[in-house]
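Asker: Below is one structure. I have some questions about it.
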Amino acid sequence: MSALKILIIPGSTRAGSHNVRLAAAAAYQFVQAGVDVTRISLADFPLPLYEADVETSSGVPPQALNLKRMIAAHHGVLLVTPEYNASVPPLVSNAIAWLSRVDEPPEGRGAVFRNRPFAIAAASENRFGGVRVLAALRLMLTACNAMVIPSQVALAFADKAYNDMDRLKLPADMAALDALVQQLIETVQQTT
Ligand SMILES: Cc1cc2nc3c(=O)[nH]c(=O)nc-3n(C[C@H](O)[C@H](O)[C@H](O)COP(=O)(O)O)c2cc1C
């Protein structure tokens, strides 16, 4: 089988984002494990706010199609998201809404999620590490028929978690991320 390809999607486009830094730390660990990693920014896939009338009048925007094809070109996905009001931030929720509407023949609507291994992670400055968004995001992705792996990372005190190279400082954080990385790799190997 060809090299495993993992796509990493940070759910924040903020300068200095803790989640972009966690995505960078994860990318490093995937590369160490011999995986081909692509790390994107959702800023490169600007989408209007999902609205059914917009879809009816204008169709699914090309950026949603591009994002869907980007995901489809990889064996698995790691989504690294902030927590907003205990749930999924609008940037991530909106992207998932549009992706679930992409209908490229012959696959059918929302097919990019179907049985595709996803891992989820969150970073927050508080002590809970965004664990509530992970529950909400798991539900959302599962409803889209994605295969969300059990292992997940809720990185607490994210403002103090990284060194200058965007690597995690605490062994416990590194171990949690490594467990997620290994489980996503194993899941992809079993399903590809
Ligand atoms: C509208 C809003 C709601 C938020 N709600 C939560 C929350 O429920 N839990 C939490 O841990 N942080 C919450 N935060 C703080 C974000 O987690 C924090 O801004 C984080 O740094 C955003 O992620 P980023 O650094 O990757 O951009 C909230 C921030 C905003 C703007």
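The values are calculated or read from the model by the stated rules, or taken from the named source; none is laboratory data. What you see is a predicted model, and the numbers here were worked out from it, not measured in a lab. Positions of Cβ are generated from backbone atoms using ideal geometry, with glycine treated the same way; all protein chains shown enter the neighbour counts. These accessible areas exclude ligands, DNA and RNA; they are computed on the full protein's heavy atoms, side chains included. Shrake-Rupley method; radii C 1.70, N 1.55, O 1.52, S 1.80 Å.
Asker: Collect residues whose amide H, placed 1.01 Å from N in the peptide plane, falls under 5 Å from the amide H of A154; neighbours closer than 5 in sequence don't count.
Answerer: Excluding prolines and chain starts, which carry no amide H, the hits are A122.
Asker: I would also like to ask the following. Straight-line reach from K68: which lysines have Cα under 29 Å away, leaving out those fewer than 8 places along the same chain?
Answerer: Straight-distance partners of K68: K5.
Asker: A further question follows. What is the distance in Å between the Cα centroid of the stretch 1-29 and that of the stretch 112-126?
Answerer: Cα centroid to Cα centroid, the span is 11 Å.
Asker: In whole Hz and in residue order, list the ³J(HN,Hα) couplings for the stretch 96-111 that follow from phi through the Karplus curve 6.51 cos²θ - 1.76 cosθ + 1.60, θ = phi - 60°; x for Gly and Pro.
Answerer: Along the stretch 96-111, the couplings run 5, 4, 5, 4, 6, 9, 5, 9, 9, x, x, 6, x, 5, x, 5 Hz.
Asker: Quick one: Karplus J couplings for the stretch 147-155, per residue in order, coefficients 6.51, -1.76, 1.60, θ = phi - 60°, nearest Hz, x for Gly and Pro?
Answerer: Residue by residue, the stretch 147-155 yields 9, 8, 6, x, 5, 8, 10, 10, 7 Hz.
Asker: With point charges of +1 on the Cβ of Lys and Arg and -1 on the Cβ of Asp and Glu, referenced to the Cα centre of the chain, which listed residue (T13, A97, V37) lies farthest in the positive direction of the dipole?
Answerer: Projecting each Cα onto the dipole axis, the largest value belongs to V37.
Asker: Name the trypsin sites (Lys or Arg not before Pro) in the stretch 123-192 that are in a loop by DSSP and that have at most 12 other C-beta atoms within 10 Å, would you?
Answerer: Loop-located and lightly packed - R127, K169.
Asker: With +1 assigned to the C-beta of every Lys and Arg and -1 to the C-beta of every Asp and Glu, and no other charges, what is the dipole magnitude of the chain about the Cα centre in debye, to the nearest 20?
Answerer: I would put it at about 220 debye.
Asker: Among DSSP beta bridges lying fully in the chain, give the percent that are antiparallel, nearest 5.
Answerer: Within the chain, antiparallel bridges account for around 15 percent of the total.
Asker: How would D164, D103 line up by accessible area, probe 1.4 Å, largest first?
Answerer: Values: D164 155, D103 85 Å².
The residues order as D164, D103, largest area first.
Asker: Carbon and sulfur atoms: what percent of the 1.4 Å accessible area of the chain do they account for?
Answerer: Within the chain, the accessible surface is 53 percent carbon and sulfur.
Asker: In Å², what does the accessible area per residue of the chain work out to with a 1.4 Å probe?
Answerer: In whole numbers, the chain has 48 Å² accessible per residue.
Asker: Using only DSSP helix segments of four residues or longer, with each worth -39500 (n - 2.57), what per-residue ellipticity at 222 nm results for the chain after dividing by its residue count and rounding to 500?
Answerer: -12500 deg cm²/dmol
Asker: Work out how far the C-alpha atoms of the stretch 13-57 reach from end to end along every principal axis, then list the three figures in whole Å, largest first.
Answerer: Principal extents (largest minus smallest coordinate, Cα): 46, 24, 13 Å.
Asker: Ok, one more. Using only the alpha-carbon atoms of the stretch 5-191, report the extent along each of the three principal axes, biggest first, to the nearest angstrom.
Answerer: Extents along the principal axes: 50, 35, 25 Å.
Asker: Tell me, how many Å apart are the Cα centres for the stretch 143-192 and for the stretch 48-82?
Answerer: With the stretch 143-192 and the stretch 48-82 each reduced to a Cα centre, they are spaced 23 Å.
Asker: Would any residue of the stretch 48-91 have its amide N under 16 Å from a label point 7 Å out along Cα→Cβ of N145? List them or say none.
Answerer: Those under the cut-off are 72.
Asker: Can you spot the aspartates and glutamates whose alpha carbon is less than 16 Å from K160's alpha carbon? Ignore those fewer than 8 places along the same chain.
Answerer: Here the aspartates and glutamates satisfying the reach criterion relative to K160 are E125, D173.
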